Amino acid sequence: MIPDIGNSASLDGYECWNRTVSVHLPKMTLTFEDFPPGRFGTFGPRHVSREEILEFAAEFDPQPMHLDEAAASKSMLKGLAASGWHLCSIMMRMMADGFITRTASLGSPGVNEVRWLAPLRPGDDLTLEVDVLEARVSRSRPETGIVTFKGTARNAAGEALCEMTSPIMVGRRAGAAS
Amino acid sequence: MRFFEDIQVGDRRALGSFTFTAADIKKFAGKFDPQRFHLDEEAGRKSLFGGLAASGWHVASVCMKLLVADGQRQAREALARGEQVAVWGASPGFRELRWIRPVLAGDTISFVNEVVSKRSSESRPGWGILQGSNSGTNQRGEEVFSFLATAFVPMRGS
């Protein structure tokens with residue numbers, strides 16, 4: 001299935017008849033002008049294994065609900081679940097693979113809000129919906145735009161697990177500031 | 001970990017510090033945030049960051065690591081005093097996370113947690129909702145990172 005990201009640069013790699021096909025196009029750089037408000041695209045699926053949940057938790061968030069099945073079943077999460085920071089980091093990777101590494105990204109000043117709505121379980125297949133909430137030219141750096149994205153991660157059942165709202169600084173097309 | 005009743009607004013704890021090596025930065029970025037300024041010194045120097053910079057999610061994850069370690073330290077101290085240890089619940093999310101300055105290879109970041117507000121949960125009897133400000137400061141005393149965290153904390157005797 002060709003990812004619906006709304007522009008021809010989406011053909012860098014896509015899932016086709018259960019195998020990954022690489023289409024070699026000239027490397028394209030997305031700029032501020034490519035991010036009008038509205039749905040930008042849907043990315044994934046990304047399979048999340050039990051092993052990677054345990055590995056991330058052991059290094060960064062070694063709470064029993066992320067490491068131990070028996071302790072997790074008695075916790076508020078009612079079963080082993082990934083660290084919320086792991087889920088955010090996976091969403092970052094899905095955005096990076098989906099478009100950010102092909103975007104004139106200058107980094108991000110922060111995250112307005114993250115809502116952890118439901119647990120990420122071992123074996124879940126994540127999809128990520130990305131919407132542009134706002135796109136404006138930076139007042140202090142007119143050669144740069146600020147694009148505020150909302151990412152929604154869902155499991156295979158369509159249940160929303162996490163919503164993240166974050167601005168990213170994106171370069172404008174050459175000459176756009178003049 | 002402490003119970004809801006034992007925590008006061010304004011309580012402040014130093015969580016400890018962490019030095020971000022170039023190898024750490026590249027390992028995290030390779031897994032989760034493969035943008036060139038997080039993977040390559042030269043690309044970092046040419047970026048707005050001015051050097052190989054840690055992914056913001058790496059900085060946040062290290063803050064979580066130190067928060068958990070501090071909680072475990074408090075739990076051990078409570079056990080040593082013969083007290084009951086509180087098991088905290090999950091977090092519904094966070095707000096206002098700010099990557100104020102880049103964290104570059106070799107930087108040592110010290111993290112601090114301060115309790116901002118507390119209230120009882122309406123949806124979960126026996127639980128309180130705690131809001132804390134977590135922040136990170138580099139070896140030059142410059143604030144580099146902060147966010148407002150929320151967590152469910154159990155009440156005593158619940």
* Given the conditions (1) within 22 Å of B:R95 (Cα to Cα); (2) outside any strand (DSSP E or B), report the number of the one that A:V111 does not fulfil. => (2)
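Working carefully through the options B:Q35, B:Q84, B:Q74, B:Q131, find the one that is more than 27 Å from A:T148 (Cα to Cα) and either free of Cβ contacts under 8 Å to residues at least 40 places away in the same chain or more than 22 Å from the chain's Cα centre (by Cα) (or both). Quick ask: steps written out before the conclusion?
Values: B:Q35 fails: more than 27 Å from A:T148 (Cα to Cα); B:Q74 fails: either free of Cβ contacts under 8 Å to residues at least 40 places away in the same chain or more than 22 Å from the chain's Cα centre (by Cα) (or both); B:Q131 fails: more than 27 Å from A:T148 (Cα to Cα).
Just one listed residue meets the conditions, B:Q84.
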* Structure fact -> Given (1) surrounded by fewer than 15 Cβ atoms within 10 Å (Cβ to Cβ); (2) in a strand (DSSP E or B); (3) at pLDDT 95 or above, A:P36 misses just (2)
* To do: Filter the range B:49-106 down to residues that are more than 8 Å from chain A (Cβ to nearest Cβ) and in contact with a Lys or Arg (Cβ under 7 Å, 6 or more places away or on another chain) and give me whichever is farthest from A:M65 (Cα to Cα).
  => B:G51
* To do: Pairs only if they're at least six apart or on different chains, beta carbon under 6 angstrom, first in the range B:100-116 and within 17 Å of B:D70 (Cβ to Cβ), second in a strand (DSSP E or B) and aromatic (F, W, Y); list them, first residue then second.
  => B:I109/B:F18
* Structure fact -> All conditions in (1) surrounded by fewer than 23 Cβ atoms within 10 Å (Cβ to Cβ); (2) within 17 Å of B:W57 (Cβ to Cβ) are true of A:L67 except (2)
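The values are calculated or read from the model by the stated rules, or taken from the named source; none is laboratory data. Bear in mind that the values here come from a model prediction, so they are computed numbers and not experimental data. Counting neighbours? That spans all protein chains shown, and the Cβs are built from the backbone with ideal geometry, glycine included.
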